[in-house]
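The values are calculated or read from the model by the stated rules, or taken from the named source; none is laboratory data. Since this is a predicted model, take the numbers as computed values, not measurements. Cβ placement follows ideal geometry from the backbone for every residue including glycine, while neighbour counts extend to all protein chains displayed. These accessible areas exclude ligands, DNA and RNA; they are computed on the full protein's heavy atoms, side chains included. Shrake-Rupley method; radii C 1.70, N 1.55, O 1.52, S 1.80 Å.
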Amino acid sequence: MTLSVSGLSAVRSGRTILHPTSLEIPLQIRIGLVGSSGSGKSTLGHALIDDLRAQGHTVAHVPQSPDEALDPLRSMAFHWREAETALGLPPGSADQAGLFGALKIEGGDLSKRPWGWSRGMQQRFVIAMALIGNPDLIVLDEPTSALDPVVAAATMELLSAFLTGKDTAMILITHDLGLAARRVERLMVMDAGRLVETGRTEDILERPKTRAANALSTHRNWMVLPC
Amino acid sequence: MLKVTDLAVKRGSRVTLESITLSLPAGETLAVVGESGAGKSTLIAAILGLLKPAEGEITWNGKPARAARPALVMQEPRAAFNPALNLRRSVMEPIVAQGVALAAGRLERLCAGLEMPLDLLDRRPDQVSIGQAQRAGILRALIAAPPLVLFDEPLSALDAVTQKHTARLISELQAEEGFAALIVTHDLGYAVAHGDQIMVLKAGRVEETADANTFALTPQSPYCRTLRDAAISLGALEAAA
């Protein structure tokens, strides 16, 4: 199965912030949606999620910060039940133990509110909620930028390991090509509200064709360490 | 030279920094790295004189560091400016506050170094991009020619390409102006690429201090190896094939 959207666009205050965009997303694929701030990445991500859900696909979204996903006045158990209910599942039917184990948050106290958990654990809890019911697609919008590097790296490693062999496709939205390059097999480069370049990760890293892809590739890391 | 000797800082009864010793010569960069809560911003506040040391001392060329009027570049570029003023008025505040004269051509030269058109200064913070706002923040920090500039996560609000561009501009201006730079960052890639020395803080104490290349290649403590490996895993640093 392939997820398809066509003619996605967005206008804000009379300005086109997403020009008509069509995409084909095969299951199991890992895609990086990259571009500078304001290039339209998150706008495309939101439009894509809305369109695919309207088609009946299951699409999960992980925002940049767990603060955007978790109500500080509700317990973690409440959030989990809400996620199950939203998917039409009976309470307690999701594989909580399996997901918590995969993301190494099995020690978390579900009776506590979000601020009773560390930020890294909160973000992994949000990812675990997103993976309930094996969605067709998970869209992660700058999922590590609110985390310390050690926690961020561990979170991405755990997510990558969990998704291996699963049908769930992944779109990683980031301004950081260095982060995306290690996690995805294909890249989509955005600039000024347009998808300007798509291709295999190694091709775009080595032979970027557009100005935007070239800038991202050139500045994808701070330095190369000699062996 | 900035010298911090056996510094301890308490907030209430809690010790937030303990046994901190460092030296930073003029013209060099010390990058202070650590996770949230490690004490990085507390160190900056202590050097600025905003927090009183419980123990130890902080000096610049043998005098209290505060007397050197160290400048600060903040993390959130737009929030660092008065939203009602244009950037020019905010940028000139150190000159006004210190009652010093602005050297002829200095504003123009710094703007050129920061790749900022002069007319950008006539805009308010909300009328420029976040990258331009951060360069205006650097301009404000440097305008009165401070010998010591403190950078508190100066790139974390910027996208990856703008980060590298801004870091290059800071380094070029430092080479021209000769100020000592203490940069607090959680980004080890930035620290290694632009620092002369790296100091890692963990839970308020110094975990390791080393020159940047030595640190990147052979971090000594398990925690510092974890930090280095996380930077590689996140693509901030790349291991040669």
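Which condition does B:His186 not pass, out of (1) closer than 22 Å to B:Ser41 by Cβ; (2) touching a Leu at 6+ places or on another chain (Cβ under 8 Å); (3) within 13 Å of chain A (Cβ to nearest Cβ), if it passes all the others?
Evaluating B:His186 over (1) closer than 22 Å to B:Ser41 by Cβ; (2) touching a Leu at 6+ places or on another chain (Cβ under 8 Å); (3) within 13 Å of chain A (Cβ to nearest Cβ) leaves (2) as the failure.
Can you tell me which residue in segment A:161-181 is farthest from the other protein chains (Cβ to nearest Cβ), limited to those that are farther than 17 Å from A:Ala213 by Cβ, open to solvent by 30 Å² or more (accessible area, probe 1.4 Å) and in contact (Cβ under 8 Å) with a residue 24 or more places away in the chain?
Step by step, filter segment A:161-181, then rank; the result is A:Asp167.
If you take the residues in segment A:199-227 that are in a loop (DSSP other than H, G, I, E, B) and charged (D, E, K, R), which one is nearest to the other protein chains (Cβ to nearest Cβ)?
Pass one, segment A:199-227, residues in a loop (DSSP other than H, G, I, E, B): A:207-210, A:219-222, A:226-227.
With the extra rule that they be charged (D, E, K, R), the set shrinks to A:207, A:209, A:220.
Working: A:Arg207: 17, A:Lys209: 17, A:Arg220: 6 Å.
Of everything passing the filter in segment A:199-227, A:Arg220 is nearest to the other protein chains (Cβ to nearest Cβ).
Residues are listed down the side, and each one gets a yes or a no for (1) under 19 Å from B:Gln75 (Cβ atoms); (2) out of contact with any Phe, Trp or Tyr (no Cβ under 7 Å at 6 or more places or on another chain); (3) not basic (Lys, Arg):
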| residue | (1), (2), (3) |
| --- | --- |
| B:Gln132 | yes, yes, yes |
| B:Ala145 | no, yes, yes |
| B:Glu172 | no, yes, yes |
| B:Glu176 | no, yes, yes |
| B:Val184 | yes, no, yes |
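Quick check on my filter: what residues within segment B:211-233 are at the interface with chain A (Cβ under 8 Å from one of its Cβ atoms), farther than 9 Å from B:Leu188 by Cβ and of a type outside the set (Val, Ile, Thr)?
B:Leu217, B:Asp229, B:Ser233 - these are the residues of segment B:211-233 that are at the interface with chain A (Cβ under 8 Å from one of its Cβ atoms), farther than 9 Å from B:Leu188 by Cβ and of a type outside the set (Val, Ile, Thr).
Can you find a residue in segment B:92-114 that is over 19 Å from the mean Cα position of the chain (by Cα), basic (Lys, Arg) and exposed (fewer than 15 other Cβ atoms within 10 Å of the Cβ)?
Yes, segment B:92-114 has at least one match.
So how many residues does segment A:10-27 have that are farther than 26 Å from A:Asn134 by Cβ and surrounded by fewer than 20 Cβ atoms within 10 Å (Cβ to Cβ)?
10
Mind checking which pairs have a first residue in segment B:23-52 that is within 21 Å of B:Phe215 (Cα to Cα) and a second that is part of a loop (DSSP other than H, G, I, E, B) and among the aromatic types (Phe, Trp, Tyr), Cβ under 8 Å, 6 or more apart or different chains?
Between residues of segment B:23-52 that are within 21 Å of B:Phe215 (Cα to Cα) and residues that are part of a loop (DSSP other than H, G, I, E, B) and among the aromatic types (Phe, Trp, Tyr), the close pairs are B:Gly27/B:Phe179.
Can you find, within segment A:86-96, the residue that is surrounded by the most Cβ atoms within 10 Å (Cβ to Cβ) among those that are without any contact (Cβ under 8 Å) to a residue 40 or more places away in the chain and under 22 Å from the mean Cα position of the chain (by Cα)?
Keep residues of segment A:86-96 that are without any contact (Cβ under 8 Å) to a residue 40 or more places away in the chain, which gives A:86, A:88, A:90-96.
Okay, now just the ones that are also under 22 Å from the mean Cα position of the chain (by Cα), so A:86, A:94-96.
Numbers: A:Ala86: 11, A:Ala94: 20, A:Asp95: 14, A:Gln96: 17.
Going through the qualifying residues, I end up with A:Ala94.
Could you look through segment B:27-42, keep only residues that are modelled with pLDDT of 95 or more and not in a strand (DSSP E or B), and pick out the one that is nearest to the other protein chains (Cβ to nearest Cβ)?
Once the filter is applied, the top-ranked residue is B:Glu28.
Can you pull out the residues in segment A:28-55 that are open to solvent by 60 Å² or more (accessible area, probe 1.4 Å) and either over 21 Å from A:Ala215 (Cβ atoms) or not in a loop (DSSP other than H, G, I, E, B) (or both)? Before you say what the answer is, go through the steps one by one.
Going residue by residue through segment A:28-55, those that are open to solvent by 60 Å² or more (accessible area, probe 1.4 Å) are A:28, A:37-38, A:46, A:50, A:53-55.
Selection gives A:Gln28, A:His46, A:Asp50, A:Arg53, A:Ala54, A:Gln55.
Could you list all residues from segment B:217-241 that are closer than 26 Å to A:Ser217 by Cα, open to solvent by less than 60 Å² (accessible area, probe 1.4 Å) and not charged (D, E, K, R)?
B:Leu227, B:Ala230, B:Ala231, B:Ile232, B:Ser233, B:Leu234, B:Gly235, B:Ala236, B:Leu237, B:Ala239, B:Ala240 - these are the residues of segment B:217-241 that are closer than 26 Å to A:Ser217 by Cα, open to solvent by less than 60 Å² (accessible area, probe 1.4 Å) and not charged (D, E, K, R).
Please verify whether A:Ala83 is open to solvent by less than 40 Å² (accessible area, probe 1.4 Å), more than 14 Å from every other protein chain (Cβ to nearest Cβ) and assigned to a helix (DSSP H, G or I), treating the condition exactly as stated.
On the way: open to solvent by less than 40 Å² (accessible area, probe 1.4 Å): yes; more than 14 Å from every other protein chain (Cβ to nearest Cβ): yes; assigned to a helix (DSSP H, G or I): yes.
Taking the combined requirement at face value, the residue satisfies it.
A quick yes/no check of all residues on (1) among the β-branched types (Val, Ile, Thr); (2) farther than 23 Å from A:Thr144 by Cα:
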{"site": "B:Ala193", "(1), (2)": "no, no"}
{"site": "B:Asp196", "(1), (2)": "no, yes"}
{"site": "B:Gly204", "(1), (2)": "no, yes"}
{"site": "B:Thr214", "(1), (2)": "yes, yes"}
{"site": "B:Gln220", "(1), (2)": "no, yes"}
{"site": "B:Cys224", "(1), (2)": "no, no"}
{"site": "B:Leu227", "(1), (2)": "no, no"}
{"site": "B:Ser233", "(1), (2)": "no, no"}
{"site": "B:Ala240", "(1), (2)": "no, yes"}
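Considering each of B:Pro125, B:Pro83, B:Pro117 in turn, give the residue that is in contact with a helix residue (DSSP H, G or I) (Cβ under 7 Å, 6 or more places away or on another chain), open to solvent by 30 Å² or more (accessible area, probe 1.4 Å) and of a type outside the set (Lys, Arg).
Working: B:Pro125 fails: open to solvent by 30 Å² or more (accessible area, probe 1.4 Å); B:Pro117 fails: in contact with a helix residue (DSSP H, G or I) (Cβ under 7 Å, 6 or more places away or on another chain).
After applying the criteria, what remains is B:Pro83.
Take segment A:152-171 and flag every residue that is of a type in the set (D, E, K, R) and within 22 Å of A:Arg119 (Cβ to Cβ).
Going residue by residue through segment A:152-171, those that are of a type in the set (D, E, K, R) are A:157, A:166-167.
Within segment A:152-171, just A:Glu157 meets the criteria.
Somewhere in segment B:141-157, is a residue under 30 Å from A:Gly35 (Cβ atoms), crowded, with 19+ Cβ neighbours inside 10 Å, touching a residue at least 40 places away in the same chain (Cβ under 8 Å) and facing chain A (nearest Cβ under 10 Å)?
yes
Tell me which of these B:Ala193 doesn't satisfy, since it passes every other one: (1) open to solvent by less than 10 Å² (accessible area, probe 1.4 Å); (2) within 13 Å of another protein chain (Cβ to nearest Cβ).
(1)
Among what's in segment B:128-140 and is assigned to a helix (DSSP H, G or I) and either in contact with a Lys or Arg (Cβ under 6 Å, 6 or more places away or on another chain) or among the polar types (S, T, N, Q) (or both), pick the residue that is most open to solvent (accessible area, probe 1.4 Å).
Ranking the candidates gives B:Gln132 first.
Of all residues in segment A:101-127, count the ones that are open to solvent by 10 Å² or more (accessible area, probe 1.4 Å), of a type outside the set (Gly, Ala, Ser) and outside any helix (DSSP H, G or I).
7
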